[in-house]
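One structure is given below, encoded as structure tokens.
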Amino acid sequence: MREYLLGNVAIARGVLEAGAGLAAGYPGTPSSEIIDTLSGIASGYDIHIEWSVNEKAALEVAIGGSWAGTRSVATMKHVGLNVAADPFMTLAYLGVDAGLVIVSADDPYCHSSQNEQDTRRYAQFASVPCLDPADPQEALDMTIYAFDLSERFSVPVLLRPTTRVSHARSDVETGRIPEGRRRGRGFIKDPARRVSLPVNARPLHRALIDKQKDIERALESAPWNRLLLKGDVGVIASGIAGLYAEEALANLEADISLLRIGTYPAPSRKIEEFVKHTSKVMVVEELEPVVEETVEIVARRCNPELEILGKRSGDIPRAGELDPLTVRNAIARMLGMSVTAPRELPGTEIVPPRPPSLCPGCGHRAAYYAMRKAFGKDAIYTNDIGCYTIGISMGTVDTCLCMGASITIGSGIRFGGDERPICCCIGDSTFLHAGMTGLLNAAYNKSRMTVAILDNSTTAMTGHQPHPGTGVTATGEETVRISLEEIARALGAGHVECVDPYNLEESIDAFTRARDFPGLSVVISKAPCRILLRRKGERFRRYRVTDECVGCRQCVEFSCPAIEFDERAFINQLCTGCGVCAQICPKGAIEVVK
Amino acid sequence: MRTSNCDMVIVGVGGQGVILISEIIGRAALKAGIPVRAAETHGMAQRGGSVINHTRLGCVYGPMVPEGGADILLALEPAEALRYGRYLSTGGVALVNTTPVLPTTVTTGQFRYPDIEEILAPLRGFARVIAMNATEIAERAGNPQTANIVMLGAMSRFMPVDEALILDALRDSVPRKYIDVNMKAFELGKAEVSG
């Protein structure tokens, strides 16, 4: 059947068509919609779907599933694989039972990420095969193929969509979803392949190296490696760059050789054939020069004179994402054809920047305002990964590195000799993902500082997924509801209090007490995400500015999108009635609309 | 050689319903048996940031419209039309909603929001510009949230897809109780563009 599918939905479809019985992941753009989609339809199939607390947990759950004989998938964004790298690296040695696929979605250009690392490098690092889909159709087909490949060679298989595949939509041919039992026959004891004692790991490492040649040979003939030899100039392109290259050649009406690559280790026999028949080649791929390096190695052996254009020559950028015009122009330049200059549009400098901003009424904004009043502008604010990082304009985001790092970096700054007040900010989902160990570490090592847990009762940035603090599972079942307050106390914080950030005075007092506490203090600022409340049907009151306004701009500094200013303040229709501006106004000139 | 039958770039502010427009077009194309490709903005930019969607009809390549290649630029917000004006082809059509959504950089007084004529003038230099107050028209239809559908109605005049299929896809894409108001929004938008 033909359907119009988002890339991530196509991957979810592939998981179902492949007969998988377990899917685990942690939300992260651009990977989140895979589990989101599966959790919506799980009840119709014999499949376990979970949002795990982090990517390491997700992968380990998937490993257990595979070892119980059930086809399993773990999903995450590229940086999530760093969190799961520990199980991932050794899993390659131990191998799988039923097929195990790891989806690690890359984000060239950092659309919604802190870096642009290339998952194909992880595949090389771990000696694990990797599939690089170009569009939603390939994403679906490769997902099914990945399970078969995983079982054939007893290795996990990486699927690496990029943002422009995961968040692309296209017409996709779907297949049949098998009915019936999906869970396997259970765990079979086999210590030599399940226990990574040195005595087992040594031979397993050798076995992993030995099977690389077989894996490469099997991948050579995969349908996503397509060779078209026409003349002695050509292009080798991988993943979505293969589509950009095909489009460029059609647009330029250039009838030259093209090798499209979709699997790793890269198909060296096809590359060899290509290299032997060409004198000049351009390698087009996003991010790291993985294919380019393979072409260089093959050329050294079979055609040392080959002229290779790509990242090393400066023809294809190594940072950021590729786009059709960049690829078209790079190929046109190689062929001596005319280049299409990007349109110079005079007048665009008048367009005001529109960075993402915290939503009107967001509890994070209120918490930041109170925190800043209590701690002052000289305090150090270490921050973390989530919606709240967007609050950078409020002066409460001094660092952001990776999940959970706010607390540990804060400790380090204290022990590094800085005596100023420190307030670490971390969201509820991020705290449960990787913040708890940091808090434990801070308590154990006697760190003097404050940790603010900005609890909006959801994983907001990635699309409002539940977590252990919400008391609901991925599939909407009720489960144990974890108390952040109790966790903070259990991990050793000396002073813990909860506060409603919309009550400004109480909130400032709470942050002041936390600042003055002579040890490790925790403030939990609780305000459910406004988007979530709106979806649940909550209707918000609105505020307006009265004639008492003297134009002092104090409310404007709250930087809420609902507050405009033109000599006097004005509250627009975006207001969701949090009421904090009314508490800030020194003239009492902001009131509820009756 | 052309590599797509109709390239569209749909822009606006997170939350305005940019993705829904593209979804409806994609579903209509599927009904018509036309290959379709689209690229969406999810994640961080959706928080009140600037969003861009690429939609390509009759295309079997990548989902992104090359800069300077869009046959149609549809802007749900005026400043966004100019921000992404570089995607529009010479002689292309720009459909622009004239109701601004002020970014916080403007509400906090760091930047000035330009006049509508300042925004449209550079686009008029090389393209056909059709400006309308889609937000106000949507209110007339019965719901200001349907401004995106008003703009879709206007754009339908320029798309190589049968209007009946677009309306079918629209019905499939919105909750049942909002079908009527959306159909009305579509018609009012279409009427803004002379045949």
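The values are calculated or read from the model by the stated rules, or taken from the named source; none is laboratory data. Quantities reported herein were computed from a predicted structural model and do not represent experimental measurements. When we count neighbours, we look across all protein chains shown, and the Cβ atoms used for this are built from the backbone with ideal geometry, even at glycine.
Summary table
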read-out: Test set (1) under 16 Å from the mean Cα position of the chain (by Cα); (2) surrounded by fewer than 19 Cβ atoms within 10 Å (Cβ to Cβ); (3) within 30 Å of residue A:552 (Cα to Cα) - residue B:111 fails condition number; value: (1)
read-out: Flag for residue A:460 being touching a residue at least 60 places away in the same chain (Cβ under 8 Å), crowded, with 17+ Cβ neighbours inside 10 Å and either under 21 Å from the mean Cα position of the chain (by Cα) or closer than 21 Å to residue A:380 by Cα (or both); value: yes
read-out: Pick from the range A:134-178, criterion in a loop (DSSP other than H, G, I, E, B) and over 23 Å from residue A:220 (Cα atoms), ranking: farthest from the other protein chains (Cβ to nearest Cβ); value: A:178
read-out: Residue, farthest from the other protein chains (Cβ to nearest Cβ), within the range A:318-356, restricted to residues that are within 28 Å of residue B:121 (Cα to Cα) and of a type in the set (Gly, Ala, Ser); value: A:341
read-out: Residue match in the range A:176-188 (condition: assigned by TED's automatic domain parsing to the domain that holds residue A:76 and in contact with a Phe, Trp or Tyr (Cβ under 7 Å, 6 or more places away or on another chain)); value: yes
read-out: Residues satisfying the stated conditions in the range A:464-500, i.e. in contact (Cβ under 8 Å) with a residue 60 or more places away in the chain and part of a loop (DSSP other than H, G, I, E, B); value: A:464, A:466, A:467, A:468, A:473, A:474, A:475, A:476
read-out: Checking residue B:120 against (1) modelled with pLDDT of 95 or more; (2) surrounded by fewer than 20 Cβ atoms within 10 Å (Cβ to Cβ), the condition it does not meet; value: (2)
read-out: First in the range B:160-177 and in a helix (DSSP H, G or I), second anywhere and surrounded by 13 or more Cβ atoms within 10 Å (Cβ to Cβ) and among the small types (Gly, Ala, Ser), Cβ under 6 Å, 6 or more apart; value: B:163/B:156; B:165/B:28; B:165/B:32; B:166/B:28; B:166/B:156; B:169/B:28
read-out: Count of residues meeting criterion [more than 30 Å from residue A:30 (Cβ to Cβ) and among the β-branched types (Val, Ile, Thr)] in the range A:163-220; value: 4
read-out: Within the range A:424-457, considering residues that are of a type in the set (S, T, N, Q) and closer than 25 Å to residue A:369 by Cα, the one surrounded by the fewest Cβ atoms within 10 Å (Cβ to Cβ); value: A:457
read-out: Options A:527, A:510, A:490, A:569; residue that is surrounded by fewer than 16 Cβ atoms within 10 Å (Cβ to Cβ) and either within 14 Å of chain B (Cβ to nearest Cβ) or hydrophobic (A, V, I, L, M, F, W, C) (or both); value: A:490
read-out: Residue list for the range A:9-36, restricted to those being within 14 Å of chain B (Cβ to nearest Cβ) and in contact with a strand residue (DSSP E or B) (Cβ under 8 Å, 6 or more places away or on another chain); value: A:10, A:27, A:28, A:29, A:30, A:31, A:32, A:33, A:34, A:36
read-out: Some residue of the range A:217-240 being of a type in the set (Phe, Trp, Tyr) and in a helix (DSSP H, G or I); value: no
read-out: Residue tally, condition within 18 Å of the chain's Cα centre (by Cα), more than 23 Å from residue B:173 (Cβ to Cβ) and among the small types (Gly, Ala, Ser), over the range A:1-29; value: 4
read-out: Residue selected from the range B:59-86 under the condition more than 8 Å from chain A (Cβ to nearest Cβ) and part of a helix (DSSP H, G or I), by the criterion nearest to residue A:321 (Cα to Cα); value: B:81
read-out: Only listed residue being out of contact with any Phe, Trp or Tyr (no Cβ under 7 Å at 6 or more places or on another chain) and either small (Gly, Ala, Ser) or not assigned by TED's automatic domain parsing to the domain that holds residue A:407 (or both), chosen from A:513, A:553, A:530, A:568; value: A:568
read-out: Qualifying residue in the range B:98-111 (condition: in contact (Cβ under 8 Å) with a residue 60 or more places away in the chain and more than 7 Å from chain A (Cβ to nearest Cβ)); value: yes
read-out: Members of the range A:238-259 found to be touching a Phe, Trp or Tyr at 6+ places or on another chain (Cβ under 7 Å) and within 14 Å of chain B (Cβ to nearest Cβ), listed by number; value: A:243, A:246, A:247
read-out: Residue among B:37, B:56 that alone is of a type in the set (D, E, K, R), at the interface with another protein chain (Cβ under 8 Å from one of its Cβ atoms), part of a strand (DSSP E or B) and in contact with a strand residue (DSSP E or B) (Cβ under 8 Å, 6 or more places away or on another chain); value: B:37
read-out: Unmet requirement for residue A:518, which otherwise passes all of (1) touching an Asp or Glu at 6+ places or on another chain (Cβ under 8 Å); (2) assigned to a loop (DSSP other than H, G, I, E, B); (3) within 22 Å of residue A:423 (Cα to Cα); value: (1)
read-out: Any chance residue A:351 is under 30 Å from residue B:78 (Cα atoms) and at pLDDT 95 or above; value: yes
read-out: Checklist (1) under 23 Å from the mean Cα position of the chain (by Cα); (2) closer than 23 Å to residue A:31 by Cβ applied to residue A:453, failing item; value: (2)
read-out: The listed residue being in contact (Cβ under 8 Å) with a residue 60 or more places away in the chain, outside any helix (DSSP H, G or I) and within 20 Å of residue A:381 (Cα to Cα), out of A:508, A:524; value: A:524
read-out: The range A:127-176 - residue that is basic (Lys, Arg) and surrounded by fewer than 24 Cβ atoms within 10 Å (Cβ to Cβ) and, of those, farthest from residue A:320 (Cα to Cα); value: A:176
read-out: Residues (in a helix (DSSP H, G or I), in contact (Cβ under 8 Å) with a residue 12 or more places away in the chain and of a type outside the set (D, E, K, R)) located in the range B:112-146; value: B:116, B:119, B:120, B:122, B:123, B:134, B:135, B:137, B:138, B:141, B:145, B:146
read-out: Complete set of residues in the range A:539-553 that are closer than 8 Å to residue A:589 by Cβ and assigned to a loop (DSSP other than H, G, I, E, B); value: A:546, A:547, A:548, A:549, A:550
read-out: Of residues in the range A:527-538 being outside any loop (DSSP other than H, G, I, E, B) and under 25 Å from the mean Cα position of the chain (by Cα), the one farthest from residue A:453 (Cα to Cα); value: A:535
